[in-house]
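What follows is calculated from the coordinates using simple rules that are stated; it is not laboratory data. All figures in this text were calculated on a predicted structure; none of them were measured in a lab. Cβ atoms come from the backbone with ideal geometry, glycine included; neighbour counts cover every protein chain shown.
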Amino acid sequence: MLLDFKTLPPAQAYQWLISTIVPRPIAWVSTVSPDGAANLAPFSFFNGVSARPPTLMFVPVTKVDGTPKDTLRNIEATGEFVVNLVSADLAEKMSATAAMLPYGESEFARFDIAAAASTQVQPARVAAARVAFECTLHTIVKLGDAPGLANVVFGRILCAHVDDAVIGADGLADAGKLDLIGRMGGDDYCSTHDRFSIQRG
């Protein structure tokens, strides 16, 4: 089978991308509006892209009417956000926050998600997240303003909150203890429990 992405309808292209680029880590992004309203939403087009300087990226797409999602709107206004990583015990609440709530209504409050204060940015972090990265906006690459088009958000990582309980014998985060989930195609997820190692020479 050969897929010609120049001719595939966007909905089909999306389905092929999310069913083949797997697993995808999940950025559970918390932001705050200029008037102080908290927002929390998940994104699975996400990854770390640089350690020098420490940088990550995630991709909010535009809404069906072509307007920016609340996350992007808040980041454009404030220049700050937190990327919370999602462990298996938080999966259901993470999924719930994908709901389209009115702008200014807090997913923290609506879905009973405990928040904790950040140290260097205004948006709160998810208190139960085993890792949370506080970030400032580096740049946004807009691939368009039409419905469904992407906005690639690059964030400079200022600091990370890491639960002491997930630290392994080597002093770094242990994947098994993190118990993070990744997005597969459709409604499927995977976890960091099933792993194998390959020694590099």
Exercise for the section: Using only the Cα atoms of the chain, each taken as one equal point scatterer with no solvent, compute I(q) by the Debye sum, divide by I(0), and report log10 of the ratio at q = 0.10 Å⁻¹. Expected result: -0.43
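Which FRET efficiency value, to the nearest 0.05, is calculated for Gln199 and Asp35 with the Förster distance at 41 angstrom and r the Cβ-Cβ distance?
My answer for the efficiency is 0.15.
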Completion exercise
Asserting the computed 222 nm helical MRE of the chain (DSSP H runs at least 4 long, -39500 (n - 2.57) per run, divided by residue count, to nearest 500) equals -4000 deg cm²/dmol
Handout entry: Positive minus negative residues near Leu158 (Lys, Arg vs Asp, Glu; Cβ under 13 Å)
Key = 0
Exercise for the section: Set the Förster radius R0 to 22 Å, insert the Cβ-Cβ distance between Asp163 and Arg110 as r into 1/(1 + (r/R0)^6), and round the FRET efficiency to 0.05. Expected result: 0.35
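Relative to the present Cα-Cα distance, how much length would full extension add between Ala150 and Ala99 at 0.36 nm per residue of separation?
Numbers: separation 51, 0.36 × 51 = 18.36 nm, distance 1.87 nm.
Full-extension gain reported as 16.5 nm.
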Fill in the blank from the handout: If the label point sits 7 Å along Cα→Cβ of Asp65, residues of region 138-167 with amide N under 15 Å come out as 146-148
Practice task
State the extension gain, in nm to one decimal, for the chain segment bounded by Thr139 and Ala13, taking 0.36 nm per residue of separation less the distance between their alpha-carbons.
Solution key: 42.8 nm
Exercise for the section: Evaluate the Debye formula for region 26-97 with equal point scatterers sitting on the alpha carbons, no solvent, and hand back log10 of I(q)/I(0) at q = 0.12, 0.13, 0.16, 0.26 Å⁻¹, in q order, two decimals. Expected result: -0.34, -0.40, -0.60, -1.27
